[in-house]
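To start, the structure under review is shown below, and the notes come after it.
The values are calculated or read from the model by the stated rules, or taken from the named source; none is laboratory data. Small disclaimer: the values here were computed from a predicted structure and weren't measured. Because the Cβ atoms are built from the backbone with ideal geometry, glycine has one as well, and the counts that use them run over all protein chains shown. Heads up: the accessible areas ignore ligands, DNA and RNA and are worked out on the full protein's heavy atoms, side chains in. Shrake-Rupley method; radii C 1.70, N 1.55, O 1.52, S 1.80 Å.
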Amino acid sequence: MSNEKNPREELYNRFKLSLSRPVTERFFDEDELVEIYDYAGDVSDDYVQLEALFCGARLYPESAPLSERRALLYLDTSIDDSDTPSPAAGEYLNDNADMLSPIFDIARLEVNRPAEPVAAMEFLLGQYDTFSDEEIIRFLDLAADLDCYDWVLANLERIRTKISFQPVLAYEMLHQADERLDNTTMAKFAEELIEHEPFSVNYWIMLFKAQARGGMEEESRSTFDYARALGADDSDALLMLAEVAYNFAPYLYSETYDILEGLKNENPDEFMYVDCQAAMLARSDAGRRAVALLCAFVDSHTTHDRALRQLLGCNIPDAATYIERFYRDTDGVGFDDDSYMEITSSLSMSGAWHSLAALVAFKAAQGPVDAVDICSWVEALFALGRYTDIVEIFDRYSREEGGESYIDVVYKTPLKGMAVSFAYITSLMKTGRQVDAEAYIAKVTPFLETVINDALMPVRMAARCILTLADKVRRHPASDKLYWEYFDMLNYSKF
């Protein structure tokens, strides 16, 4: 909650300072430790949450509120980033079976999901006359986890009678409505929060999102203007507003572009604003302007790897120039191995063949490349119709290394190797080298006939494709230029 946090933040900071002092000098009362724990959760500070509980266990070992926070800590510790609570949560609840409170009851329902969720929520709501802020937050989280969102909407007035600070409920429901794309409910709670805090730009942005996503163009325009004015000095808020407009309000692209232009001028080294502008231009069918914008940023920030990635994704014909300069200006460091693999995979999936071919070619000029690199390189060159280059690559890497050439390794590479073999045979035919094509077919046929019987379906289909191509080679000589000019059975070069 935006304007409510200052006293809690001061308490949180005072506790953090105490952690570097002797433990005997760490004095906080029970309520303060609860506040510290809850605030640390709001700012995702696991360390302070744990230290608050350790301090509480020493000073107030019988504290019920702190015991509840321990239950919540175990509950929030999931397995492998999933939504499944850690087994420790169940063990802690079993060891404290006599503890009765809204938090403990909610935790038990989270760990042991009821067969009849609505009945469980009804029972829980009827059990208690009041809910604290943390309790109502957890109550609504439980309802969401049990898929009882509609039940909550139908029982809002009953729930409201049990809480003293209504904005807590509105805040939680605002975000649950957002997740469910329930724009009407989202707008309702955004307006309720705005009534409580009229100058909170975040709530105005959420209202704008609900209106824009819900097709309320006239209302969203007015809300957009107010949020823009309210957040004039808040770059994070303006960027959030621009993101919402980009996703849901194309009729506000011009105004949004101006917002980003102002942010860019104030922060000329911050790429995110240029990136957002380029995305808007691309979506507005102004692809050339988007590329020009990225080029201008990369030209003035030659070592900015993320900006170069985005530019390469635009599949620019002169990608090699930018790649060479990037490696030169980073003293040869360039992209690390993981980034290189991620980028080549992304370029391949998006069909950015100019950029992919340039990047792999640059790597090959610097040192050894592996079968995966060759596959990506050939795939890009084939899509660009550079058949002579493909043949030259195969000629270059046909040398023997440890009894097996690179090319032997390539055609045995699952799926990609099949595609590259197809591209190589076709390239040989299109460059008039039928004898070499027939020799390569003879080389790979035993392998293909083996996998076509034993491999998974995608591999078998790829092998069948090359065997079909072999039949085409026999029936259409390389001299049949017209046929081979247009032959491309897998449409590799039509992307």
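At a glance:
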read-out: Positive-end extreme of charge dipole, the chain - chosen from P85, T344, V435 (charges on Cβ); value: V435
read-out: Label zone at N6 (point 7 Å along Cα-to-Cβ), backbone N below 15 Å, segment 196-217; value: 199-200
read-out: Accessible area (Å², 1.4 Å probe, nearest 10) - H301; value: 40
read-out: Pairs from K430/K472; K363/K443; K412/K443 whose Cα-Cα separation, in the structure shown, is over 19 Å; value: K363/K443
read-out: All-pairs alpha carbon distance profile, segment 213-318, 10 Å steps from 0, percent; value: 14, 44, 30, 10, 1
read-out: Total charge dipole magnitude, segment 190-319, about the Cα centre, Cβ charges on Lys, Arg, Asp, Glu only, Debye to nearest 20; value: 620
read-out: Candidate lysines for bridging to K264, where Cα separation is under 29 Å - those fewer than 8 sequence places away on the same chain excluded; value: K209
read-out: Principal-axis tilt of helix 287-300 within the chain, Cα atoms, nearest 10 degrees; value: 80
read-out: Between segment 1-65 and segment 297-331, the Cα center-to-center distance that results, in Å; value: 47
read-out: Label point distance in nm, S346-F27, each placed 7 Å from Cα along Cα→Cβ; value: 5.5
read-out: Fraction of accessible area attributable to carbon and sulfur, the chain (%, probe 1.4 Å); value: 51
read-out: Between helix 337-350 and the chain: long-axis angle, C-alpha atoms, 0 to 90°, nearest 10; value: 80
read-out: Two-site FRET efficiency, D299 against L100, from Cβ-Cβ distance with R₀ of 60 Å, rounded to 0.05; value: 0.35
read-out: Highest average packing first - 207-216, 302-311, Cβ atoms within 10 Å; value: 207-216, 302-311
read-out: Where F104, F199 fall by accessible area, highest first, once all protein chains stay in place (1.4 Å); value: F199, F104
read-out: Assigned charges on the beta-carbon of Lys, Arg, Asp, Glu; segment 126-224 dipole about Cα centre (debye); value: 120
read-out: Calculated FRET value between Y483 and R309, using beta carbons and R₀ = 41 Å, to 0.05; value: 0.55
read-out: Surface accessible to a 1.4 Å probe, per residue, for the residues of the chain, Å²; value: 51
read-out: Ranked order, R113, R474 - accessible area, probe 1.4 Å, largest first; value: R474, R113
read-out: Partner lysines for K16 [C-alpha distance under 25 Å; skip if fewer than 8 residues away on the same chain]; value: K5
read-out: Average silhouette area of segment 299-452, convex hull of alpha-carbon atoms, in square nanometres; value: 9.6
read-out: Segment 61-133, dipole about Cα centre (Lys/Arg Cβ +1, Asp/Glu Cβ -1), debye to the nearest 20; value: 80
read-out: Peptides ranked, highest mean first, by Cβ atoms within 10 Å: ranges 341-347, 373-379; value: 373-379, 341-347
read-out: Read-out volume of the Cα convex hull per residue in Å³, derived from the coordinates shown; its label in (1) 160; (2) 241; (3) 148; value: (2)
read-out: With Cα atoms, 0 to 90° folded angle of helix 353-366 axis to the chain main axis; value: 80
